[in-house]
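Q: Attaching a single structure in C-alpha cells format; questions to follow.
The values are calculated or read from the model by the stated rules, or taken from the named source; none is laboratory data. In this text the structure is predicted, and so the values were computed from the model without any measurement. Note: ideal-geometry Cβ built from the backbone for every residue, glycine included; neighbour counts use all protein chains shown.
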Amino acid sequence: MSSYNFERPCQASGRATQPSSKKRESRESMPHNRTLTLDSNVMIAALKKDEPQSDSCATLLEKIPEQFLLSEPSIVYEEVCGTLARRVGRGAADMAKKQLDRMISIDRLAQCDRSFCISAYQLCDEYDLYAIDALYLKTALNHSAVLVSLDKKDFIDRVNSKPSPIEAFHPSQFPY
C-alpha cells in the first residue's frame, strides 16, 4: 500500500503542519500572481508519492496558497477522493477532501452543473479532448489559470497545439 501525505511538510523541520486559521486568513489576503488549475492526476500523484512525477506534483501543491490560487471544477472532489477511496480506503479519501477544502476557495470552484458542462463540451471537439479534460480546460479558461496535467500527449500538447489565452504545462516543465 502506498504512503499518502495529506499535509504540507514544514520547510524547516520536515514535520507535517496545518495552518492555523489566523495564518490561513493572512495567506488568503496576500496577493497572488497566478491562478492554477491542476488536473486531478497531479493531486493524486502528489498524495500517493509513488509515481514518476510525484515529486514535481508535490512541489506544485506546496506553492498553494502562498504563490498561487487554485481554481478547479467541482468534479475534482470525485476524481481525487473517489480514486483514493477505491485504491486506499475511505479514510484516505476523507483526508483528501479536507485538504481540497483548505486549498480551493469556494469562489474559485466551478460547479459542474448543466450550463457549465454545456459550455465545456465544445472544447472536446475544438481540442480533441476527453470530456473530463474539457471541464478542467473550461475552468482554466474562465479563471485565466495556468493549466497543469500529467497527461502531456492527450491533454497538454493538444491545448498547446492551438493559440490559447492560457498556458498549459506538464509538471516536469512547470516554469514558476
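Q: What is the number of the single condition among (1) touching a helix residue (DSSP H, G or I) at 6+ places or on another chain (Cβ under 7 Å); (2) touching a residue at least 40 places away in the same chain (Cβ under 8 Å) that M103 does not meet?
A: The one condition M103 does not meet is (1).
Q: What's the number of the only condition in (1) exposed (fewer than 13 other Cβ atoms within 10 Å of the Cβ); (2) under 22 Å from L141 (Cα atoms) that R90 fails to meet?
A: (2)
Q: Evaluate the stretch 81-95: report whether one residue or more is aliphatic (A, V, I, L, M) and either closer than 16 Å to V148 by Cα or at pLDDT 95 or above (or both).
A: Within the stretch 81-95 (the criterion being aliphatic (A, V, I, L, M) and either closer than 16 Å to V148 by Cα or at pLDDT 95 or above (or both)), the answer is no, since none of the residues qualifies.
Q: Then there's this: Tell me, which residue of the stretch 103-121 that is among the polar types (S, T, N, Q) and at pLDDT 95 or above is nearest to Y77 (Cα to Cα)?
A: Filtering the stretch 103-121 for residues that are among the polar types (S, T, N, Q) and at pLDDT 95 or above, the one nearest to Y77 (Cα to Cα) comes out as Q111.
Q: When you go through (1) within 20 Å of I132 (Cα to Cα); (2) part of a loop (DSSP other than H, G, I, E, B); (3) aliphatic (A, V, I, L, M) one by one for I64, which number turns out not to apply?
A: Result: I64 passes all but (1).
Q: Considering each of R108, R102 in turn, give the residue that is over 23 Å from S164 (Cβ atoms) and either buried (at least 19 other Cβ atoms within 10 Å of the Cβ) or among the charged types (D, E, K, R) (or both).
A: The unique qualifying residue is R102.
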